[in-house]
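Notes follow the structure.
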Amino acid sequence: MISFYPGPSRIHDEIPSYVNDAAELGILSANHRSAAFVSLSRDTVELFRQKVGLPEDYTLFFTSSATECWEIIAQSLVRTQSTHVFNGAFGQKWFDYTRRIRNASSWSFDIEHNTEIAVPTELLGDVLCYTQNETSNGTQVHDQTLKQIREVHREPLIAVDATSSMGGVALDFNQADVWFASVQKCFGLPAGLGVMVCSPRAIFRALEINEKDHYNSLTLMKQMMDKWQTSCTPNVMGIYLLMRVLKDSRHIAKVDEKIRMRYQQWRDFLTERKSIRHLVTNESVHSYTVIPVSAEPDLITRIKSEANAKGFLLGEGYGTWNATTFRIANFPAIKKAEIRALMSFLKKF
Ligand SMILES: *Cc1c(COP(=O)(O)O)cnc(C)c1O
């Protein structure tokens, strides 16, 4: 079965042998205060800077998931209120998680539109939250838009959920203060590890607020990460696998090129079909890493089950779009021949 599910998704072929290496090296039973762990953690961060283009002055943290990052931001970075600008289910969930912890306002927009830039004053909080790649409907917020957001809103911190794009497309980290992702999407790894990166401004805000009520309070995480450590025992195997996958991968600019080219192939392929199409008409907001395909509900059911029988796992439609779409991951670990095979199966629709 080849998984085109947009997370968890196809893992890199090398993962089993890396798991084996980790076991043989003894890293899986290493204490997380040991020199061996510290060295693994430092190497992983260093490789992340080299390969994913993380700026030198941004701090990387290991978390357990993107969901945990939503909570860390709410707990440790929001002073009075956060503002969530979104058009789909993951943006909505982030808003829902946050408002259980802090005051939060939301502003939604249509999937055919570009992200709203100027947030109305009455909604404006001290952390602005955007979903860079909305996995539920295959839309994205471009770097250029984030840059404009930053120009209009100088004061608030800008936090970006890049769970289904980081590691697949080149992100301009300098355009926001907090970015996070989990590794079961574009990194092609098994689930159970998240990464969160923070600008100097975000760290400054965390230290100013100095919230220390949780094991994952950002102040404590920062104190630990200054020693390349974590506040709880982390997913050491996940970190090891991330290190190995980063070591193997090409620079993000190259990966980005491949992903964009493959997105264009999917877009053109869907334009030529009779009974299936891209869910979103406005190409300028299309995600490069998640392709939502829309059709009549009966046909969606048929395609999913026939695909399954042929060994392709397609992503279910999400939320509102459950019955009328399926989703295709365009993640780096998926091979050219696998995409070709899926296209050849979908050709008859
Ligand atoms: C998958 C996903 C999440 C949730 O990730 P977890 O690792 O399950 O916490 C959050 N946001 C987006 C945009 C996602 O695609």
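How big is the dipole moment of the range 204-334 about its Cα centre under a simple scheme where the beta carbon of each Lys and Arg is +1, that of each Asp and Glu is -1, and everything else is neutral? Debye, nearest 20, please. Dipole of the range 204-334, to the nearest 20 debye: 420 debye.
Work out the length of the dipole vector of the range 22-62 about its Cα centre, built from +1 on the beta-carbon of each Lys and Arg and -1 on the beta-carbon of each Asp and Glu, and round it to the nearest 20 debye. List each step's numbers first, then the result.
Numbers: 4 positive and 5 negative charges, 16 e Å.
The calculated dipole for the range 22-62 is roughly 80 debye.
Amide H to amide H, with H built 1.01 Å from N, Asn87 comes under 5 Å of Phe109, counting only residues 5 or more places away or on other chains. Name the residue from Ala309, Pro55, Asn87 whose Cα lies farthest towards the positive end of the charge dipole of the chain, charges +1 on Cβ of Lys and Arg and -1 on Cβ of Asp and Glu. Result: Ala309.
On a full-extension model of 0.36 nm per residue, what is the gain between Asp172 and Asn282, subtracting their alpha-carbon distance, rounded to one decimal in nm?
Contour length minus Cα-Cα distance gives 37.3 nm.
Highest mobility in the GNM of the chain, judged by mean-square fluctuation with C-alpha springs under 10 Å and restricted to Lys51, Lys222, Lys335, is found for Lys335.
The antiparallel fraction among DSSP beta bridges confined to the chain stands at about 50%.
Applying 1/(1 + (r/R0)^6) with R0 = 22 Å to the Cβ-Cβ distance of Glu122 and Arg100 gives a FRET efficiency near 0.50.
In summary, the convex hull built on the alpha carbon positions of the chain has an orientation-averaged projected area of 16.7 nm². In the range 1-59, Rg over Rh equals 1.07, where Rg is the alpha-carbon radius of gyration and Rh the Kirkwood radius from pairwise Cα distances.
Mean projection of the alpha-carbon convex hull of the range 254-349 over all orientations, in nm²? Taking a quarter of the hull surface, the average projection is 6.0 nm².
Could you calculate the FRET efficiency of Ala309 with Glu112 from 1/(1 + (r/R0)^6), where r is the beta carbon distance between them and R0 is 30 Å, rounded to 0.05?
Numbers: r = 34 Å, r/R0 = 1.13.
Efficiency computed from Cβ-Cβ geometry: 0.30.
Here the Gaussian network model covers the chain, with springs between Cα atoms less than 10 Å apart; of Lys185, Lys274, Lys247, Lys274 fluctuates the most.
Restricting to DSSP loop positions (anything but H, G, I, E, B) with no more than 12 other Cβ atoms inside 10 Å of their own Cβ, which chymotrypsin sites (Phe, Trp or Tyr not before Pro) remain in the range 176-214? Present the calculation step by step, with values, prior to reporting the outcome.
Details: sites: Trp179, Phe180, Phe187, Phe204; in loops: Phe187.
Here no loop site has a sparse enough neighbourhood.
In whole percent, how big is the carbon plus sulfur part of the accessible area of the chain, probe 1.4 Å, protein atoms only? Please report the intermediate quantities before stating the final value.
On the way: 7210 of 14400 Å².
After summing per-atom areas, the C and S share lands at 50 percent.
Helix-only estimate, please: 222 nm mean residue ellipticity of the chain, summing -39500 (n - 2.57) across DSSP H runs of length 4 or more and dividing by its residues, to the nearest 500. Don't jump to the answer; show the numbers that get you there.
Numbers: 11 runs with 136 residues, N = 349.
That calculation yields -12000 deg cm²/dmol at 222 nm.
Send over a whole-number figure in Å² for the accessible area per residue of the chain, probe 1.4 Å. Write down the numbers at each step before the final one.
On the way: 14400 Å² over 349 residues.
Here the per-residue accessible area is 41 Å².
Dipole of the chain computed with +1 at Lys/Arg Cβ and -1 at Asp/Glu Cβ about the Cα centre; of Val280, Thr145, Leu270, farthest Cα towards the positive end is Leu270.
For the pair Met1 and Ala35, what calculated FRET efficiency results from E = 1/(1 + (r/R0)^6), where r is the Cβ-Cβ distance and R0 = 25 Å, to the nearest 0.05?
Once the sixth-power term is evaluated, E becomes 0.05.
Take Arg267, project a point 7 Å from its Cα along the Cβ direction, then tell me which residues of the range 278-301 have their backbone nitrogen under 17 Å from it. Answer for the range 278-301: 278-294. Number of Lys-Lys pairs in the range 259-349 with C-alpha atoms under 18 Å apart and a separation of 8 or more places or on different chains: 10.
The charge dipole of the chain, taken about the Cα centre with unit charges on the Cβ atoms of Lys, Arg (+1) and Asp, Glu (-1), comes to about 840 debye, rounded to the nearest 20.
Full extension from Asn322 to Glu56: what is 0.36 nm times the residue separation minus their Cα-Cα distance, to one decimal in nm? Write down the numbers at each step before the final one.
Values: separation 266, 0.36 × 266 = 95.76 nm, distance 4.12 nm.
Length gained between Asn322 and Glu56: 91.6 nm.
Residues in the range 139-156 carry Karplus couplings, in order, of 10, 9, 9, 6, 3, 4, 5, 4, 5, 5, 4, 5, 5, 7, 10, 7, 7, x Hz; the curve used is 6.51 cos²θ - 1.76 cosθ + 1.60 with θ = phi - 60°, and Gly or Pro positions show x.
The values are calculated or read from the model by the stated rules, or taken from the named source; none is laboratory data. From a predicted model like this one, the values you see are computed outputs, not experimental measurements. Neighbour counts are summed over all protein chains in view; Cβ atoms, including those assigned to glycine, are modelled from backbone coordinates with ideal geometry. These accessible areas exclude ligands, DNA and RNA; they are computed on the full protein's heavy atoms, side chains included. Shrake-Rupley method; radii C 1.70, N 1.55, O 1.52, S 1.80 Å.
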